Structure formats: C-alpha cells, structure tokens
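Only the coordinates and a few stated rules stand behind these numbers; no lab work does. What you see is a predicted model, and the numbers here were worked out from it, not measured in a lab. Methodologically, a virtual Cβ is constructed for each residue, glycine included, from the backbone with ideal geometry; neighbour enumeration extends over all protein chains shown.
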Amino acid sequence: MTTELWARLQFAFTVSFHYIFPPLSIGLGLILVIMEGLFIKTGKKMYEVMTKFWVKIFALTFAMGVATGIVMEFEFGTNWAVYSRFVGDIFGSALAAEGIFAFFLESGFLAILLFGWNKVSPRMHFFSTIMVSFGSMLSAVWIVVANSWQQTPAGYHLVTSDGVTRAEITDFREMVFNPSSVERISHVLGGAFLAGAFLVISVSAYYLVKNRHKEIAGSGLKIGLVMALFASLFQLFTGHSSATGVAENQPTKLAAMEAVYDSSAAADLYAFGWVDEENKTVHGLPIPGLLSFLVHGDSKAPIKGLDAFPKDVHPPVQLTFQTYHLMVAIGFALIAIALVSLFLFRGGRVYNAKGWLKLLVVAVLLPQISNQVGWYTAEIGRQPWIVYGMLKTSEAFSKTVTSGHIVFSLVLFAIIYASLFLVFIYLLDKKIKNGPEDETPPADVYSEQRLTV
C-alpha cells in the first residue's frame, strides 16, 4: 500500500476509536440533567441514587474521550503537514475556541459534578451538571464546525507566500456558519443523544432481566426510551436537511450515496442494494423517483449523476453507498425499537418481556455503528478531496514520512488502544455489576438537607 493510504488508515483508526466516547459523554450529559432535574423537582431519593450512578459512568467515558483525542492533533503535524499548513488558520481558530469555550467549561464544572455532592447546594450542583452537559455539546459544535469547513469552505481567501498556499479567515462568522455546519452539528448531536440514551436503556434492561434495582431500572429505561424516541425522530429531520445540503454543495457525494450515474433521468432511492461499479448499475430494492422527490420535491426531476463529473473526482461509490444505507437502516430500526418499547410500558408489560429486554441490552451497539458509518459516509464521500474542491487528499500528507514509520506507529496505537478499551470495558462492567446501591448516601437525612439548602 502507498504511504498516503497508510496515513489515511491510521487516522481513520484513531478517529473511529476516539469517536466511541464523545457521543456517549454528550448523550449521558443530557440524561444526567434530566435525572438530577427530576430529583430537584420531586425530592425522590431514587433519582439522586440514579444520578450518582450515571455520573461515574459519564466520568469514565469523558476520561477515555480525552485520552484518545489527544493523539489526533499530533497526527495532523506528523502525517498531514501539507494539510496542516493549508488549513492551520481555519482549524487553529476553531480548535482554540473549542478549548477555551467548551473544554475548560466542561472540565471545570466536572469537578463540582463529581465531588461537590456534599459541598454545594442542590441548585448549584444541578447548575454544574447543566454546564458540563452544555460544555460537552459546545465541544462537539466547534469540532464539527472545523470539519464542516472542509466539506463546504466559506469565509476565507487563499494566500501564497514562498510558494506555499494556505487558507486564511476573512469572515469568522461565515467560516463558523458555513453552508453545512448547522445541519451537520444538529445531526451529530442527535446521534450523540441516541448513543447516551441507548447506553442507559441497555443497562436498565440488563437490571430488569436480572431482577435487580427494578424501580431505578424501570425509571431509567423510561427516561432513556423517551429520549431515544425524540432523538431518533429528530435524526429524520436533520438527516434529510443534511442530505439536501449535500445535494446542493457536494453533488458528487450525493451521487455516490445513492449510486446515481445518469444525470438525464429521475433518481430512485434504494432501500438496500449492491453497486456494480463496472456496469454503473445497482442491484437492490429501488423506490422509484424518491430521491428526486426528496431533493427537488418532484419525483421526475433529474439528479446530477457521476457522469456529469470527471472520473478522477468520483468518490468510492460502493463504500459510500453501503455506509450511507447502513446508517439510514439503523436509524429506522432505532425508531421502531423506541416505539415498541414504549408501547410495552403500557400496563407494565415490558417487565415480563424478557426476550425484548435482552434485545435492548445489545441494542446499545446500534447507535455506535450508525455514528461510525455516518462519519465514514461524510469522509469517504468527500474523496478525493480533503478540502472539498480545493485540496486533494493525495496532495495533503507529509512527504517525509515513510510507510514504515506509519505502520510502526499504527501497530503501537492498536496495542495501546486495545489495552485502553479492555480497561474501559472492565471498569464499565464492574460499575454496572456493582449497581447503584453503592451510590446511596449513608443517611437519608443528607438528601433532606440538600433539598432545603
């Protein structure tokens, strides 16, 4: 394989592993706000115990996210030096804003969230929980802003000095609110809410299967399912909005997402399929004219296909098509799971539906898979560009780094990340098996005092 491909594989590996944890932190952060808010409002000890239990799970995911995210910043400089010079002014401002406005906010109030139960008033602690949740979302906003600029550059001009061309910001607001940022931020946050919700659903269902902590598990399951339903429906709207934006700003990506080759005809939307790239056809289940209708409001309107563009700017069609359709399929599955589960809550039938509860235990994997393949769609579909229409990926990697260097570091990363993941699973499993009883305060008086402070 070429040095470029090794560099891409290494970055894909490190980003994919890192992206397991931030969505969990963002989703759990919002759920903590809901749980502690219910405690403040009702005074029920169950919600305090529940919140304290999930705070420790949140802290574990937050720590893993920080540890695995640092590596990527170094990779920009070592493996992607040309790219770093080109986008440094843009990315530098966005990442600086993320550190100043988001990470410091989140990590500062995290100390109160973790250790302030006995030291601050209930409302101050609840405010800290809100700030941690808000900080985690704000962190995602700035990261997605930076990535969205790669997809749809705006608010910049090109400057050439000593033979080196780079992008400089001319309008910070236009750079932040580039054509794809708002839709992509909304879609990423929706995916994060689903990841957090289904983790709570999975653990709560596990307790119900084991007949443990039934009151807390039942309440946690309901909170998770309600949030999952709202988030999954929200994803329908944000996903449609994002796809419409792709049609306007990145037509080659949209053509790859649905394997549209012919620009002269209306485009079908495939429920599933397999792309025959050689013969430029798809074998699958098409819904006639639906893609044209979703994009233009007219089922007979043509969609710009890959035949309208030079072959050297075509994305990998098969990979883009499959990752996109897997993401969509999982999205509809999550809606169905949430609806069926909430229906089973009627009359308490969910408590006796052991088979369904076991399905909910493993359903925690679905949002994670969907989040991963969604990012793959966005990044693979942007190829061959690393900055759409401006800088190709083949021109962006460091020319002085060899394949051997990258392979050696990739192997080391794989070993370290595998070890970290095993530690994460061990600690998560230990906390779940111990259950929320260990989080119960030593005396009921404390809860009464907190509510009256």
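Once you reduce the range 207-236 and the range 348-420 to the center of their Cα atoms, the two points are 26 Å from each other.
Look at Ser403, Ser219 and count the other Cβ atoms within 10 Å of each Cβ; fewest to most, that gives Ser403, Ser219. With contacts taken as Cα pairs under 8 Å and at least 6 residues apart, the chain reaches a relative contact order of 20 percent. The HN-Hα couplings worked out from phi for the range 219-225 by the Karplus form 6.51 cos²θ - 1.76 cosθ + 1.60 (θ = phi - 60°) are 5, x, 5, 5, 4, x, 5 Hz, whole numbers, x standing for Gly and Pro. When the pairs Lys280/Lys399; Lys56/Lys253; Lys56/Lys358 are compared against a 31 Å limit on Cα-Cα distance, Lys280/Lys399; Lys56/Lys253 fall above it. Under 8 Å for C-alpha pairs, at least 6 residues apart: give me the relative contact order for the range 211-317, rounded to a whole percent. Relative contact order, the range 211-317: 27 percent.
Peptides 312-321, 153-162, 427-436, ordered by how many other C-beta atoms sit within 10 Å of their residues on average, highest first, read 312-321, 427-436, 153-162. Computed from the C-beta positions of Leu427 and Leu365 and an R0 of 25 Å, the FRET efficiency is 0.85 to the nearest 0.05.
The H on the amide N of Phe345, modeled in the peptide plane, is under 5 Å from the matching H of Val350, each at least 5 residues off or on a different chain. Entry for the chain at q = 0.06 Å⁻¹: log10 I(q)/I(0) = -0.29, Debye formula applied to identical alpha-carbon scatterers, no solvent contribution. The mean sequence separation of alpha-carbon pairs under 8 Å and at least six residues apart, normalised by the residue count of the range 260-407, gives a relative contact order of 21 percent. Amide H contacts under 5 Å for Gly284: Trp274, restricted to partners 5 or more places along the chain or on a different chain, H placed in the peptide plane at 1.01 Å from N. Exposure proxy shown here: for Tyr261, Tyr270, the number of other Cβ atoms within 10 Å sets the order, fewest to most, as Tyr261, Tyr270. Taking θ as phi - 60° and the Karplus parameters 6.51, -1.76 and 1.60, the scalar couplings of the range 162-174 work out to 6, x, 10, 9, 9, 8, 10, 6, 10, 9, 4, 5, 5 Hz in sequence order, x denoting glycine and proline. Relative to one another, the C-alpha centroids of the range 4-39 and the range 91-165 are positioned 14 Å apart. Cβ crowding within 10 Å ranks Ile369, Ile130 as Ile369, Ile130, fewest other Cβ atoms first.
Between helix 3-18 and the chain there is an angle of about 20 degrees, using the helix long axis and the longest principal axis of the Cα atoms. Modelled spin labels at Ala333 and Ala111, positioned 7 Å past Cα toward Cβ, are 4.3 nm from each other.
The C-alpha atoms of the chain define a longest principal axis, and helix 122-151 lies at about 10 degrees to it. When you count the other C-beta atoms within 10 angstrom of each residue and take the mean per peptide, 67-77, 345-355 line up highest first as 67-77, 345-355. Axis angle, to the nearest 10 degrees, between helix 403-434 and the longest C-alpha principal axis of the chain: 20 degrees.
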